[in-house]
Amino acid sequence: MLAHPELLRILAGCSPPFTVVFADIGGNRELTHVLELLQLLSSTMPHLRYVAVKSEALASELQKAPVNLQEYIKWWEEFCHHVRPVKVRRRRMQQILQHPVRRTKEGTEICRFANYGTCSKAPSECRYDHGHCHRCLQPGHWAMDCEVTEATHEKTEAMATYSLCSEVAEGLFAALRAGGREYLFLKEYNIVIIDSPSLGLSRHRWIQYGPAVIRGVLRHLDIDQVSVFSMGLGSVIFHQILAETPHLLSHTHIVYNQDIADLKSFPFEAYDVEVALRDHDIQIWTIYNDEDDEDPQAYSRHSKGPARLSEAFTKMQADLRCSLSLRNHCGTQRAMEKIDIGCNLAGLQLSCCILNASGPRTNTEQQLMDIARSSSGALCSKSATLEERSGNPQPRYTEIQLGDRTASINSEGLPNKGFAAYSDSSFLQRLKECSEPHGKPYIFSISGLSLKENLEMLDRLAESPDVLQHLSAVEVNVACPNVPGKPLVGYDFPQFAEVVQTMSRHPLFTKDCVLGFKLPPYLDAPLFDAVAKMLNEIALGRGGALGYVVCCNTLGSALAVDIETETTVLHPKGGFGGLGGQLVRHLALGNVRHLRSRLDDSIHVVGCGGVATGEDAFAHILCGATAVQVATQHRVEGPQCFERIASELRELMQRKGYTQLEDFRGKLRVRESKL
Ligand code: RRO
């Protein structure tokens, strides 16, 4: 410390300032050194309240000190005066090394020993140049006699905290001291070269004090944050700063040919670096440039030092890569992986409870392939009729934008490729292959124009084992509001009951093939009662094979009006169509809740209506849904919506501490106030 008081000055620049110091020197130090140290401490650290110092000599002198405070102070002053501190001389080597390496125009290194002291070698024996001044690089004199040295000598002395080498840096520093920070930008210099004489070329000292030196310089120059380009061992100093004081670093840094050389251990905690990267939005570009050289000292990323650093960082990145996609929270990824959003839908195992609804983007082979490849938990086809249908005339679909959400009105009129297309075994095989590695249940939606037509389709399926092997469920749509001349079966109770009773007894429905019904939205409690009663009777009384109901299809008789043209927006059926998306979200939630509370447990409820986010899916499940179908949002966003909604659901569950859907399914709490 006495030999390098500048280090203490750097420490003195810390904020908040030190108030207590323990001077860990040898207890047998000479009294003069101890006093010098105390004086140095009190002159550099004005905020010190307490200094503990090990010194046998001082302890024995203090035995003689008076007890009275006034007398003690006087005694101490005389004592200090009496024991004069002896200035510690810098060793010559250190004096020499405080000067940076400089070369003649021809590129020979100039001897610093000859220039600033004496060189033990004769000029002819010394491998360095003895003929030029180290300061002005002119021949004929040495730096000790150089005019430039004379002129700058005082300045160098005055900059005891650190010295800056090179003329650019000196000019820069002078400008800074004169308050001209703009100089940096005007001259396009933004480089401070720190050449601390006391650290010299010692790797170990640089590692030990380098970060403090750099922090001291930054504070002195009033620089809040820096981007770093570091090389070799400098990268270790950078990592130290990163681990200890990441707030000093801006977002992007370059590490070139990093090396920890022969250091036995890392002078920083790899864990702290990882935390700093994560919490401070910092990225590091690591560049390796192996030197193509036979010299064993030549840089190679495979040599021990670089390899050790790189290994530590590769491990870190593995965690960071996961966390980046999840908003930079390491550990979140692992926690998210533990969250299970799979479900058992009436015996069908779904790895994800979010799936597509029959309707949008389910008509063509390509559209179904896209869903197979997506994160949708199952694959549901467009409602099929026996024969192919082209549907109603265009325009038959419109969207209503409500902020960042979308509602829709459609009057498609059941366009579909026909029963055969969706039950072609080779097509189903291709779908299965697209859904690998885990595969997903295939739900065949049918919407025959009569009960007879529906039964005909069931019969054909039952007769085709090569189709059945791919089939997980048949979802009977009794709720299409758009087929001209065909009122909704789901609103025509006697007919609806007959359809359900007849179809649920069909031999197709065994444990390998589940029967579902897609219901229209109901708007009044007695209707829910009636529907639930009818479905429960089948499920309980007759041992029918009823697996689930979807709540709910679009709300019919919606009308989109064009104010400008004063016409209907849609052309078919007088402009009326089925309302879906955001505008039926709450109606769908109500239907899910109403039916869940009335239906036998063996009949599952699938929520459908206005699901555009993970929160929407969560709400459906909270109301009792086993799984959730997406229709309008699938049409708007495409099949990538399933992955997004699923991950939003996971995030929401993680935030709430849920790990599986059972943790909150159907657990909506009803708030009631007493009068
Ligand atoms: O095709 C349609 O017009 C249609 C059907 Br099948 C349906 O079930 N629900 C709907 O809103 N549109």
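The residue pairs whose first member lies in region 431-459 and is more than 18 Å from Gln495 (Cα to Cα) and hydroxyl-bearing (Ser, Thr, Tyr), whose second member is in a loop (DSSP other than H, G, I, E, B) and modelled with pLDDT of 95 or more, and whose beta carbons are closer than 7 Å, counting only pairs six or more residues apart or on different chains, are Tyr442/His470; Tyr442/Leu471; Tyr442/Ser472; Ser445/Ser358; Ser445/Ser381; Ser445/Lys382; Ser445/Ser383.
Of all residues in region 571-599, those that are of a type in the set (Phe, Trp, Tyr) and assigned to a strand (DSSP E or B) have Cβ atoms under 8 Å from Cβ atoms of residues that are open to solvent by 50 Å² or more (accessible area, probe 1.4 Å) and away from the ligand (no atom under 13 Å from the Cβ), 6 or more apart or on another chain, in Phe576/Leu559. The criterion of being touching an Asp or Glu at 6+ places or on another chain (Cβ under 7 Å) and more than 14 Å from Phe642 (Cα to Cα) holds for Lys417. Every condition in (1) open to solvent by 50 Å² or more (accessible area, probe 1.4 Å); (2) more than 19 Å from Ala558 (Cβ to Cβ); (3) within 13 Å of the ligand (Cβ to nearest atom) holds for Lys432 except the one numbered (3). Within the set Gly439, Gly418, the sole residue that is at pLDDT below 95 and either among the basic types (Lys, Arg) or open to solvent by less than 30 Å² (accessible area, probe 1.4 Å) (or both) turns out to be Gly439. Against the condition in a loop (DSSP other than H, G, I, E, B) and crowded, with 18+ Cβ neighbours inside 10 Å, how does His470 come out, does it pass? Criteria met by His470.
Per-residue answers, yes or no, for (1) modelled with pLDDT of 95 or more; (2) under 22 Å from Ala588 (Cβ atoms); (3) within 13 Å of the ligand (Cβ to nearest atom); (4) touching a helix residue (DSSP H, G or I) at 6+ places or on another chain (Cβ under 9 Å):
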residue: Ala479; (1), (2), (3), (4): yes, yes, yes, yes
residue: Lys486; (1), (2), (3), (4): no, no, yes, no
residue: Gln501; (1), (2), (3), (4): no, no, no, yes
residue: Val549; (1), (2), (3), (4): yes, yes, no, yes
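Residues that are open to solvent by 20 Å² or more (accessible area, probe 1.4 Å), within 16 Å of the ligand (Cβ to nearest atom) and touching a residue at least 12 places away in the same chain (Cβ under 8 Å) within region 488-499 comprise Leu488, Tyr491, listed in sequence order.
The requirement of being away from the ligand (no atom under 13 Å from the Cβ), among the polar types (S, T, N, Q), on the phi < 0 side of the Ramachandran plot and touching a strand residue (DSSP E or B) at 6+ places or on another chain (Cβ under 9 Å) is fulfilled somewhere in region 376-393, by at least one residue. So which residues in region 360-384 are out of contact with any helix residue (DSSP H, G or I) (no Cβ under 7 Å at 6 or more places or on another chain) and either open to solvent by 10 Å² or more (accessible area, probe 1.4 Å) or not in a helix (DSSP H, G or I) (or both), if there are any at all? Within region 360-384, Asn363, Thr364, Gln366, Gln367, Asp370, Gly377, Ala378, Cys380, Lys382, Ser383 qualify.
The values are calculated or read from the model by the stated rules, or taken from the named source; none is laboratory data. Predicted, not measured: the structure shown is a model, and the values here were computed from it. A quick note on method: Cβ atoms are made from the backbone with ideal geometry, for glycine too, and the neighbour counts reach across all protein chains shown. With ligands, DNA and RNA removed, areas are computed over all heavy atoms of the protein, side chains included. Shrake-Rupley method; radii C 1.70, N 1.55, O 1.52, S 1.80 Å.
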